[in-house]
Every structure is written in C-alpha cells, then in structure tokens.
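The values are calculated or read from the model by the stated rules, or taken from the named source; none is laboratory data. Owing to the predicted nature of the structure, the values given are computational and were not obtained by experimental measurement. So basically every Cβ, Gly included, is an ideal-geometry build from the backbone, and we count neighbours across all protein chains shown. Heavy atoms of the whole protein, side chains included, go into the accessibility calculation; ligands, DNA and RNA do not. Shrake-Rupley method; radii C 1.70, N 1.55, O 1.52, S 1.80 Å.
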Amino acid sequence: MKFGYWSPVFGSWLRNVDDDGTECSWEYIRDLALKAESLGYTLTLVPELYLNDIKGEKAPALDAWAIANGLAAVTKKIEILAALRPQYHQVALTAKQIATISQICGGRFSINMVSAWWEEEARQYGINFDAHDDRYTLTQEYTDVLRGFWKQSPFHHKGKYFSFENSYNEPKPPKIPFVYAGGESEIGRNAITQFADVYLLHGGTLEEVQTKIADMKERKKRAGLEPFKGFGMAVYMIVRDSEEEAQKELQRITTIKNYADYENSYKDFTGNSQLDVEISKQEYSVSNRGLRPNLIGTPESVAQKIRAYKEAGLDLLIIQCANMQEELEYIAKKVMPLVK
C-alpha cells in the first residue's frame with residue numbers, strides 16, 4: 001500500500017470547523033510536501049478548483065498548477081499529481097506546460113483528469129459548462145491529444161473537439177506522464193477505461209471498492225487494453241491513541257454549524273455529479289466521501305482496515321486530515337509501519 005496526501009490548496013478540508021490550523025498558503029504547502037516526502041509519502045494530489053469548495057466561494061483557493069510547478073522545483077522524490085479540467089486549459093499549451101514541469105521534476109509529474117462538476121464556478125470564470133456526458137467525451141479526446149503531442153512530431157489530429165496539422169510541441173517530457181481519473185457514471189467508467197492508467201475512487205466501503213475494482217478490471221479486459229497500473233482511493237483519516245478520542249474528533253468535525261449554507265453546497269455538488277451511491281450529510285462534512293471508508297480509530301484498528309482494502313485490490317490511499325502537518329506525521333509513524 002502506498003500513501004499519498006492532498007495538498008491543501010483551500011486550506012482546511014473541514015466544512016464545519018472554522019480553523020484547524022491547516023493554512024491556505026504556499027509556505028504551508030511547500031513545508032508540508034518536504035515533511036511528507038521525508039516521512040515516506042509517495043504522492044501528493046494537487047486539486048483544482050478556482051473557487052473554494054470547502055469554505056465557500058468567497059474564501060481563498062490557490063491555483064493548482066502554480067502550486068504543482070513550485071512543488072516540482074523543491075521536492076526530490078514525491079510524485080506530483082495535478083488535477084486537470086480540460087475546459088479550463090487549452091490543450092496544446094497544456095501539453096507544453098506538462099512537458100516542462102515534468103522536466104523540472106525529472107518525470108515525477110502526473111495528471112488527474114477531472115470532468116468538472118461545479119457549474120457556478122464555470123459561470124464566474126467565463127467557462128462553458130457542458131452536459132455531463134459531453135464533459136467525459138471531451139476529456140477522453142483531450143487526453144488522446146496530450147499523449148499525441150508528447151509522442152509525435154509533427155502531430156496530426158482531427159476529432160470532434162480538436163484539430164491539429166503539422167503541429168510541433170518540443171521538448172517531449174522525460175517520460176509519458178501517468179493519467180489518473182475517477183468517475184462512477186456508465187459513460188464515465190467507459191471513457192476512463194479507454195484513457196486512464198490509474199483509476200481513482202471516492203471514499204467507499206470495502207464492498208463498494210471491491211465491486212468497483214472488479215468492474216473496472218473487467219472493462220479493461222473486454223476492451224482488449226492493458227490492465228490499470230493501480231487503484232487509489234480518497235480518504236479522510238482520524239487516528240488517535242484511543243477509539244474514544246477518535247470518535248470525539250469525528251463528532252466535532254461532523255457537527256453542522258450553518259445548515260442553510262451547507263445544504264445549498266450539498267445540493268450543488270450532488271446535482272451536478274452522477275454518483276452511484278448516496279452521500280450522507282455527515283459524509284459531506286469532508287470532501288470526496290472521505291469518511292465513508294471509516295478509517296477512524298487507533299493505529300492498530302485503522303491499519304487492520306487498510307490491510308483489508310489492500311487485499312481488495314487497492315494500492316494507494318490519498319489522505320486528507322486535520323491539522324495536516326501533525327496528522328500526516330502521526331499516521332506515518334503510527335499507522336504506515338503496521339501496514340507495510
């Protein structure tokens with residue numbers, strides 16, 4: 001099992017807690033990456049939203065790609081996984097940008113292809129917000145074009161969304177970046193089967209994860225494609241010296257302080273995402289259904305649950321927690337040795 005973490009480009013991941021000590025600043029994110037790298041974390045996911053999904057649209061949110069570029073320059077070993085939403089990035093320029101960042105970090109750069117879900121954010125930034133199925137169709141062709149630019153010179157392409165003729169994009173990246181993606185709708189899973197190297201899951205129960213991994217493996221097989229190179233899951237972890245302390249923290253972060261604002265945000269997310277399970281109000285207290293795997297408890301009990309996920313086929317956990325500096329260190333020292 002590999003352990004990664006989410007770079008806190010919004011600061012806190014907690015919707016119901018005003019301040020958990022996790023800062024929305026380059027200095028905090030930089031120091032966190034260097035510390036996490038030294039503790040044995042192998043990947044950091046840099047999420048991309050231009051509005052703050054956690055604290056509300058008036059709260060600060062840092063640019064994912066500026067942060068990823070900075071991390072590429074200051075880290076030595078950790079894989080930098082930057083979220084990429086095709087609607088927000090011109091494809092040929094993005095191919096150039098990725099190749100350059102990949103050079104900076106010696107090929108440690110990967111992309112998480114995201115079809116986007118937040119219609120209000122798109123409106124505020126002047127971005128067209130296509131229907132759900134169209135967003136996945138665009139994402140698949142967009143990924144094909146990126147790889148074309150990285151592999152071919154000159155590059156030729158004529159498709160539904162893009163057309164290029166005798167196009168040069170040099171230099172090439174040191175290696176072709178891995179493409180991660182997650183999605184649960186039928187068209188989403190079909191598209192991801194075609195273009196992704198690694199399948200990412202929202203937090204889920206053990207049974208949900210087993211079912212999804214088996215399904216995605218079978219889709220690759222039916223399509224005659226190489227198997228996925230891995231399966232990862234987003235998770236919010238609460239690890240304490242005692243079960244009582246862990247449950248007390250769970251109660252603290254899931255106590256809704258402003259129900260009206262919370263409900264509006266909840267409806268906005270669920271209304272624009274075709275989820276295959278219902279997300280509860282409690283689970284929405286953190287992002288990406290991170291509480292659903294229930295990795296909450298003592299180091300021993302959490303490690304036991306992680307081993308079960310490993311047996312189910314999961315090989316990467318991407319962690320959110322609070323305060324991130326303190327919690328990532330505690331997890332690295334108390335939980336990771338019990339899993340490896």
Worksheet, complete the sentence: Exception for Lys333 within (1) free of Cβ contacts under 8 Å to residues at least 40 places away in the same chain; (2) of a type outside the set (S, T, N, Q); (3) open to solvent by 10 Å² or more (accessible area, probe 1.4 Å) falls at (1)
Worksheet item: In the range 294-308, what count of residues is obtained for those that are under 19 Å from the mean Cα position of the chain (by Cα) and either open to solvent by less than 10 Å² (accessible area, probe 1.4 Å) or over 13 Å from Thr205 (Cα atoms) (or both)?
Response: 2
Worksheet item: Is it the case that Phe149 is open to solvent by 20 Å² or more (accessible area, probe 1.4 Å) and either assigned to a loop (DSSP other than H, G, I, E, B) or not charged (D, E, K, R) (or both)?
Response: no
Fill in: Failed criterion for Phe231 (all others in (1) in contact (Cβ under 8 Å) with a residue 60 or more places away in the chain; (2) farther than 22 Å from Pro86 by Cα; (3) part of a helix (DSSP H, G or I) hold)
(3)
Worksheet item: Can you spot a residue in the range 108-127 that is modelled with pLDDT of 95 or more, more than 20 Å from the chain's Cα centre (by Cα) and either among the hydroxyl-bearing types (Ser, Thr, Tyr) or not in a helix (DSSP H, G or I) (or both)?
Response: no
Discussion item. Among the residues that make up the range 26-43, is at least one of them of a type outside the set (Gly, Ala, Ser), touching a residue at least 24 places away in the same chain (Cβ under 8 Å) and over 19 Å from Asn323 (Cβ atoms)?
Written reply: yes
Response to the item:
Of Glu141, Glu186, the only residue that is more than 26 Å from Gln103 (Cα to Cα) and without any contact (Cβ under 8 Å) to a residue 40 or more places away in the chain is Glu186
Worksheet entry | Meets criteria (out of contact with any helix residue (DSSP H, G or I) (no Cβ under 7 Å at 6 or more places or on another chain) and either modelled with pLDDT of 95 or more or crowded, with 22+ Cβ neighbours inside 10 Å (or both)) for Leu71 | no
Worksheet item: For the range 10-28, how many residues meet the condition of being crowded, with 24+ Cβ neighbours inside 10 Å and either in contact with a Phe, Trp or Tyr (Cβ under 6 Å, 6 or more places away or on another chain) or under 17 Å from Tyr50 (Cβ atoms) (or both)?
Response: 1
Item to complete: Output the number of residues of the range 75-103 satisfying the condition of being assigned to a loop (DSSP other than H, G, I, E, B), open to solvent by less than 60 Å² (accessible area, probe 1.4 Å) and not polar (S, T, N, Q).
Response: 3
Worksheet item: Across the range 242-271, what is the number of residues that are in a helix (DSSP H, G or I), at pLDDT below 95 and over 24 Å from the mean Cα position of the chain (by Cα)?
Response: 5
Fill in: Any hit, the range 27-40, residues being part of a loop (DSSP other than H, G, I, E, B), modelled with pLDDT of 95 or more and closer than 12 Å to Ser7 by Cβ
no
Discussion item. Given the criteria surrounded by fewer than 21 Cβ atoms within 10 Å (Cβ to Cβ) and either closer than 23 Å to Leu49 by Cα or modelled with pLDDT under 90 (or both), does Asp315 qualify?
Written reply: no
Worksheet item: Which residues, counting only those in the range 202-241, are open to solvent by less than 40 Å² (accessible area, probe 1.4 Å), out of contact with any Phe, Trp or Tyr (no Cβ under 8 Å at 6 or more places or on another chain) and under 18 Å from Glu327 (Cβ atoms)?
Response: Val235, Met237, Ile238
Worksheet, complete the sentence: Within the range 276-289, restricting to residues that are within 25 Å of Ile187 (Cβ to Cβ) and surrounded by 13 or more Cβ atoms within 10 Å (Cβ to Cβ), the one that is modelled with the highest pLDDT is Arg289
Item to complete: Report, by residue number, each residue of the range 42-56 that is hydroxyl-bearing (Ser, Thr, Tyr) and either touching a Cys at 6+ places or on another chain (Cβ under 8 Å) or open to solvent by less than 10 Å² (accessible area, probe 1.4 Å) (or both).
Response: Thr44
Item to complete: Could you check, for the range 104-113, whether at least one of its residues is farther than 14 Å from Ala83 by Cβ, touching a strand residue (DSSP E or B) at 6+ places or on another chain (Cβ under 9 Å) and open to solvent by 20 Å² or more (accessible area, probe 1.4 Å)?
Response: yes
